[in-house]
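Shown next, in structure tokens, is the structure this report addresses.
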Amino acid sequence: MNYEAMDILFELLGTISFAFAGSMVGIRKSMDLLGVVVLGLVTALGGGCIRDLVLGNIPPQMFRDSKLAIYSLISSLILFAIFYVKFDFINSRTMKKIEKIMLLFDAIGLGAFTVTGINTAISMGYESKFLLIFVGMVTGVGGGVIRDVMAGNIPVIFREEIYAVASFLGALAYIMFFKTDINKNFLMIITFSIVVIIRLISLKCNFHLPKIKKI
Amino acid sequence: MNYEAMDILFELLGTISFAFAGSMVGIRKSMDLLGVVVLGLVTALGGGCIRDLVLGNIPPQMFRDSKLAIYSLISSLILFAIFYVKFDFINSRTMKKIEKIMLLFDAIGLGAFTVTGINTAISMGYESKFLLIFVGMVTGVGGGVIRDVMAGNIPVIFREEIYAVASFLGALAYIMFFKTDINKNFLMIITFSIVVIIRLISLKCNFHLPKIKKI
Amino acid sequence: MNYEAMDILFELLGTISFAFAGSMVGIRKSMDLLGVVVLGLVTALGGGCIRDLVLGNIPPQMFRDSKLAIYSLISSLILFAIFYVKFDFINSRTMKKIEKIMLLFDAIGLGAFTVTGINTAISMGYESKFLLIFVGMVTGVGGGVIRDVMAGNIPVIFREEIYAVASFLGALAYIMFFKTDINKNFLMIITFSIVVIIRLISLKCNFHLPKIKKI
């Protein structure tokens with residue numbers, strides 16, 4: 001599999017994962033079908049859209065290629081249909097399991113978009129390490145932040161200590177090894193895995209950053 | 001009347017309508033004069049600004065041409081003055097009537113900006129049907145979403161079932177018939193009417209999309 | 001000192017001041033270290049980022065030059081460290097003093113970014129007075145608005161009557177005298193001072209714009 005195909009695969013993986021995670025926020029808030037679909041779309045496409053605006057990749061990819069929007073739409077519809085049809089089977093125990101799966105989806109989206117964000121910048125000829133890392137992070141966390149602001153939640157980067165940090169560490173690894181003769185596909189998978197694993201470990205261990213007590 | 005003049009007319013109509021609807025949100029929240037003016041401005045100019053960023057129409061129209069900002073400003077000032085001077089005459093019954101008129105203004109803005117959003121993209125040479133529909137919708141709903149996020153309300157696209165949908169259906173009709181030899185001005189009026197009428201009918205009939213009960 | 005050096009100085013001054021003011025919002029909300037750093041970053045870099053998107057200055061300065069992000073980061077870390085270490089010494093009286101200093105920092109950031117926003121547009125060849133004033137204001141107030149939306153606060157431009165107005169008056173003075181043979185460095189300092197002084201006076205005098213009573 002060549003570099004471009006791998007990048008498209010990650011774009012797809014991130015889009016579908018984030019669409020699920022975003023739609024779930026709408027379902028939990030008892031939004032109607034359209035609200036669920038829109039929250040899925042902004043989560044799945046928002047990060048990439050900010051990335052493209054920032055890089056001058058105009059019009060943003062989501063406006064040029066309907067594929068990603070359609071995959072996001074279908075993902076949201078499937079999730080909505082499951083809850084709509086199977087509602088009676090969903091109790092607080094299955095719900096807890098579903099929430100856990102959604103956290104996994106969210107981690108996958110974060111990892112995949114960190115990778116594709118950097119790839120987009122590289123493919124446009126950008127070289128500044130600082131820019132590449134920043135763009136990777138913005139692509140990864142951007143959709144979730146827009147989703148939370150629109151849904152009236154505290155943005156995920158403020159609720160979750162190791163969210164932006166996981167994206168940062170993955171981006172750092174990607175940049176550090178990109179100029180070596182390492183296989184690019186392998187490096188993308190490694191980067192993706194770093195983000196996902198750090199994110200999942202932080203969830204498991206309930207890791208906390210220092211904070212200042214109430215003043 | 002030629003195509004360009006018609007487009008300018010719709011731009012104006014949308015700007016003034018959205019400025020009224022946006023300012024009203026500020027008045028209802030007991031904001032001061034500046035808050036009311038700013039909410040009017042972001043509602044009236046926000047959608048077009050996002051559209052221009054997305055299309056690479058830089059700097060956005062609102063920064064190049066003060067006309068729209070000035071019309072928005074005047075609309076806000078007039079509405080504020082009416083409430084400030086005539087406050088004693090406003091009882092809960094007249095208030096209900098005013099709220100209804102504001103919903104009409106909002107529908108007019110939605111319809112007008114759906115049309116001008118697509119026009120801007122077409123005039124820049126974009127042809128992708130997907131892009132044109134998406135840009136029309138973003139121009140139509142963008143200002144209202146920014147207004148609601150800034151005012152601390154749930155964004156209108158989540159509160160109102162047939163809001164983005166009305167814009168979508170209008171945009172669809174516009175795109176479907178644009179390449180035929182239909183009179184362009186007539187098509188713009190039809191598109192505008194589709195959006196406004198669907199929006200108003202949905203308000204009248206209190207139409208609901210399916211949603212999932214509280215989990 | 002030449003024109004460019006002066007502009008860089010103002011950029012730095014604004015970045016550090018806004019980073020302090022933004023981080024403080026996070027500290028007051030008992031956010032963890034990352035939240036505090038992120039709020040500092042969006043406050044310090046957000047306005048300039050919107051300005052660059054609007055002017056087509058792509059990628060935005062913050063992505064090309066890590067200096068500003070690093071200064072913002074360091075400012076946030078210093079403020080966090082002070083509160084973390086010295087927590088026991090902070091009582092409600094010192095806290096009130098700190099809040100006042102933060103309002104000063106915020107006014108300094110507003111004044112500095114109003115100036116650099118206009119400078120950026122001028123250096124790119126823009127001449128429209130309307131555009132220059134608007135860009136100056138957007139650069140000045142943009143970061144604070146993004147900060148407030150993300151932190152779940154009412155945006156500062158709605159809370160504070162003379163915030164956007166101070167930026168507007170400074171921008172107006174800058175534009176009016178820019179084409180005269182006045183010394184540019186002197187004009188920048190004057191503009192900056194106008195914004196800061198008007199802002200501080202409005203805080204001191206608790207000045208109010210008219211508003212409409214609860215409906």
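Below is a table of values for the structure above.
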item: One residue from C:V135, C:V149 being closer than 27 Å to A:A151 by Cβ and either of a type outside the set (S, T, Y) or touching a Cys at 6+ places or on another chain (Cβ under 7 Å) (or both); result: C:V149
item: Odd one out for B:C49, checked against (1) at pLDDT below 95; (2) facing chain C (nearest Cβ under 10 Å); (3) over 19 Å from B:I90 (Cα atoms); result: (1)
item: Among (1) farther than 13 Å from A:A21 by Cα; (2) free of Cβ contacts under 8 Å to residues at least 40 places away in the same chain, the one test that A:L68 misses; result: (2)
item: Tally of residues being hydrophobic (A, V, I, L, M, F, W, C) and under 26 Å from C:L79 (Cα atoms) across the stretch A:186-213; result: 3
item: Residues (surrounded by fewer than 22 Cβ atoms within 10 Å (Cβ to Cβ) and either under 28 Å from C:Y174 (Cβ atoms) or free of Cβ contacts under 8 Å to residues at least 12 places away in the same chain (or both)) located in the stretch C:11-33; result: C:L12, C:L13, C:R28, C:S30, C:D32
item: Pairs, first over 14 Å from B:G22 (Cβ atoms) and surrounded by 11 or more Cβ atoms within 10 Å (Cβ to Cβ) in the stretch B:86-115, second among the basic types (K, R) and modelled with pLDDT under 90, C-beta under 7 Å, six or more apart; result: B:F87/C:K213
item: The lone exception for B:K213 - which of (1) touching a Ser or Thr at 6+ places or on another chain (Cβ under 9 Å); (2) in a helix (DSSP H, G or I) it fails; result: (2)
item: Helices (runs of 4 or more DSSP H) lying entirely in the stretch A:94-188 (those with 1 or more residues that are more than 14 Å from chain C (Cβ to nearest Cβ), under 30 Å from B:G152 (Cβ atoms) and under 13 Å from the mean Cα position of the chain (by Cα)); result: A:129-151
item: Counted residues, the stretch B:176-190 - those being under 19 Å from B:Y126 (Cα atoms) and touching a Phe, Trp or Tyr at 6+ places or on another chain (Cβ under 9 Å); result: 3
item: Close pairs (7 angstrom Cβ cut-off, 6 or more residues apart or separate chains): away from chain B (no Cβ under 14 Å) and touching a residue at least 24 places away in the same chain (Cβ under 8 Å) in the stretch C:194-209, β-branched (V, I, T) and crowded, with 16+ Cβ neighbours inside 10 Å anywhere; result: C:V195/C:T114; C:V196/C:I108
item: Residue check, C:V42 more than 10 Å from chain A (Cβ to nearest Cβ), modelled with pLDDT of 95 or more and either closer than 18 Å to C:S17 by Cβ or surrounded by fewer than 16 Cβ atoms within 10 Å (Cβ to Cβ) (or both); result: no
item: Boolean, C:V195 is under 28 Å from B:S30 (Cβ atoms), hydrophobic (A, V, I, L, M, F, W, C) and touching a Ser or Thr at 6+ places or on another chain (Cβ under 6 Å); result: yes
item: Verdict on C:R64 being facing chain A (nearest Cβ under 9 Å), over 16 Å from the mean Cα position of the chain (by Cα) and under 30 Å from A:P59 (Cα atoms); result: yes
item: Selection count, the stretch A:189-210, where residues are over 21 Å from A:N119 (Cβ atoms), among the aliphatic types (A, V, I, L, M) and in a helix (DSSP H, G or I); result: 3
item: Criterion (within 11 Å of chain A (Cβ to nearest Cβ) and closer than 24 Å to A:E161 by Cβ) met by exactly one of C:I70, C:I58; result: C:I70
item: Verdict on A:I78 being modelled with pLDDT of 95 or more, within 11 Å of chain B (Cβ to nearest Cβ), within 20 Å of the chain's Cα centre (by Cα) and over 23 Å from A:V141 (Cβ atoms); result: no
item: Subset of the stretch C:1-51 [of a type in the set (A, V, I, L, M) and farther than 21 Å from C:V196 by Cβ]; result: C:I27, C:M31, C:L33, C:L34, C:V36, C:V37, C:V38, C:L39, C:L41, C:V42, C:I50
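The values are calculated or read from the model by the stated rules, or taken from the named source; none is laboratory data. The model shown is predicted, which means the values in this text are computed figures rather than measured ones. Cβ: placed from backbone, ideal geometry, glycine included. Neighbour counts: every protein chain shown.
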